[in-house]
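Below is one structure; the comments refer to it alone.
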Amino acid sequence: MFLPITKEEALKRGWDELDVIFVTGDAYIDHPAFGVPLLARWLEFHGFRVGIISQPDWRSKEPFMVLGRPRLFFAVSAGAMDSMVAHYTPLKKLRRDDAYTPGNRHGARPNRATIVYTSCCKSAYRDVPVVIGGIEASLRRFAHYDFWEDKVRRSILFDAKADLLVYGMGERPLLELAQRLRHGEPFGEITDIRGTAFIARGSLFRPCGELPSFEEVAADRLKYAEAFRIISQEMNPYSAKVLAQKHGDRSLVCNRPALPLSEQEIDAVYALSFAKAPHPFYREPIPAWEQIRTSITTHRGCFGGCAFCAITHHQGKVIQSRSERSVLDEVRRLTEHAWFRGSVSDVGGATANMYGLSCGSVAAQTRCRRESCLWPSVCRHLQSSDHRGVALLRRVRQVPGVKHVAVSSGVRYDLLERQPDYFRELLAHHVGGLLKVAPEHTAERVLACMRKPGQKFFAEFMARFKTESRRLGKRQAIVPYLMSGHPGCTLDDMVELAIFLKRQGLRVEQVQDFTPTPGTLATCMYHTGMDPFTGAPLHIARTDREKRLQKALLLWHLPAERSTVIQALRAAGREDVAVELFGGKGQYIR
């Protein structure tokens, strides 16, 4: 049974009043891959009456009143993506689609959805507390650079005028809040929950790490970099401090991160009674659902620490793996659906081959301040054994009704070097002809800015991939994900990348054009023009022209891009490269 989206559905459950009402910018798909349904089911499991208002019309307050007044609070999320990222391209052009909306239509959610939805909830029921969360709120919880306005904005908690912010994945803080409210504790007195942030007036009466104020970081890029360094050093849930950042005469107070879920706890989350389908209200296909409906999430978190990625900032660096039994139970339930045809589309997480991995030193983990367990070198405390990952893949293939199992999540090829059995298992059984990996670049200075492994790791991986594929008698190829426009990347770096692709026989059809998303290291670099940890100045591709030229060099092999590639070579003073890329006697340069 789906969670109610109307009063009639609530009454069928015998609920004449709801405790918590979730508001989300995504369509309601009752699947654990979607944050709002997962959290709503988690609260339901613990005895709370929960409903969901999905993609409401924000132009009036009535759509926010369809389930009545919640007894405890509204829980607001922009959805699975930051709404500005969902709406605009890296060139700030309006997108025409939205994978989280029926019919793939754009426009079902507003810009800055968290702020707009909170305002609507307050308009509907002024005295009901509003809790904001999800990736948009999580990564905008401090004063942050906003690419779309090209300025530093206040913490989203101030702009939304919400009562509390939950950051990270949310199960622990949201449940603790609901339970304390159920036991009669006043909302305004609940200020000590891990994984939450709130607004305080006047002096703070408990120890806090002090960040440069909003006014300071908005006016001074060095202060912005300083604030980012402090925040980055306080992300470890075992050792982090409470952080405070003044905004005028008030302060944002950010409590320590929530502790990671244990194996038993994460198993309990994924054992909840999900329908694994969109609400029957919808009549059109939802692309995001089509993409993930036969996928299985095996773990959370990522210790890769890539500069441009928000996963570590949202899910955390600690890997939280489900038990083998939990995963297999979900696969068995998947095979019972009438629409299942025998293929599991993915068994993985943010990085598939991190399943079952952990820090081998409790003492080191409790004080660790590294951005990444893999960069600039693999941490000596990392337990990288592939035993659990290999065993799980083999067991999933043996589930009755399963004909094929793919691993379509990303894999870290520098980690595969330490996981020979997983590497062989992957190539033998779980690559459908093409393996997607993300080297992102090949220039060493750009890779250092990205916090990615050096070019030699990618070259060695490709050699091993070809050797193993030949041994297996399989025709398989690598599809590299590459990025243009990242902080530190010049046109000359992109020329060298194009040459590398040509010499290696690699071609890409889609590329990532760097977008400065809130809260990441790369966005701090983009805004400040430097590495915040070293102070080293960085080249920043800020103009649309340079971004277009950098991107074209990744697509040098496409006839439609040839004239733009030639412009890029001329701008870089590398006309000589045209002969190698296109052949002939250089006649492409006029």
Where LEU94 falls short, out of the listed (1) closer than 30 Å to GLN291 by Cα; (2) under 20 Å from the mean Cα position of the chain (by Cα): (2)
Exclusive hit being touching an Asp or Glu at 6+ places or on another chain (Cβ under 8 Å), part of a helix (DSSP H, G or I) and acidic (Asp, Glu), set GLU176, GLU136: GLU136
When residues of the stretch 431-462 are limited to those that are closer than 21 Å to TYR355 by Cβ and over 24 Å from the mean Cα position of the chain (by Cα), the one surrounded by the fewest Cβ atoms within 10 Å (Cβ to Cβ): GLY432
Any hit, the stretch 531-544, residues being outside the structural domain of MET81 (by TED's automatic domain parsing), farther than 26 Å from SER372 by Cβ and not in a loop (DSSP other than H, G, I, E, B): yes
Unmet requirement for ALA218, which otherwise passes all of (1) in contact with a Leu (Cβ under 6 Å, 6 or more places away or on another chain); (2) under 28 Å from CYS524 (Cβ atoms); (3) in contact (Cβ under 8 Å) with a residue 60 or more places away in the chain: (1)
Of the criteria (1) out of contact with any Pro (no Cβ under 9 Å at 6 or more places or on another chain); (2) at pLDDT below 95; (3) not aliphatic (A, V, I, L, M), which one GLY316 fails: (1)
Near pairs, Cβ below 8 angstrom, 6+ apart or cross-chain, from the stretch 464-488 (touching a residue at least 60 places away in the same chain (Cβ under 8 Å)) to any residue that is assigned to a helix (DSSP H, G or I) and charged (D, E, K, R): SER484/LYS547; SER484/LYS551; GLY485/GLU546; GLY485/LYS547; GLY485/LYS551
Condition broken by ALA108, with the remaining ones in (1) over 22 Å from PRO516 (Cβ atoms); (2) in contact (Cβ under 8 Å) with a residue 60 or more places away in the chain; (3) touching a strand residue (DSSP E or B) at 6+ places or on another chain (Cβ under 8 Å) satisfied: (3)
Qualifying positions in the stretch 5-50 - of a type in the set (Lys, Arg) and closer than 19 Å to ASP267 by Cβ: ARG41
Residues of the stretch 100-133 satisfying the condition of being part of a loop (DSSP other than H, G, I, E, B) and among the charged types (D, E, K, R): ARG109, ARG112, ARG126, ASP127
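The values are calculated or read from the model by the stated rules, or taken from the named source; none is laboratory data. Quick caveat: nothing in here was measured; it's all calculated off a predicted structure. So basically every Cβ, Gly included, is an ideal-geometry build from the backbone, and we count neighbours across all protein chains shown.
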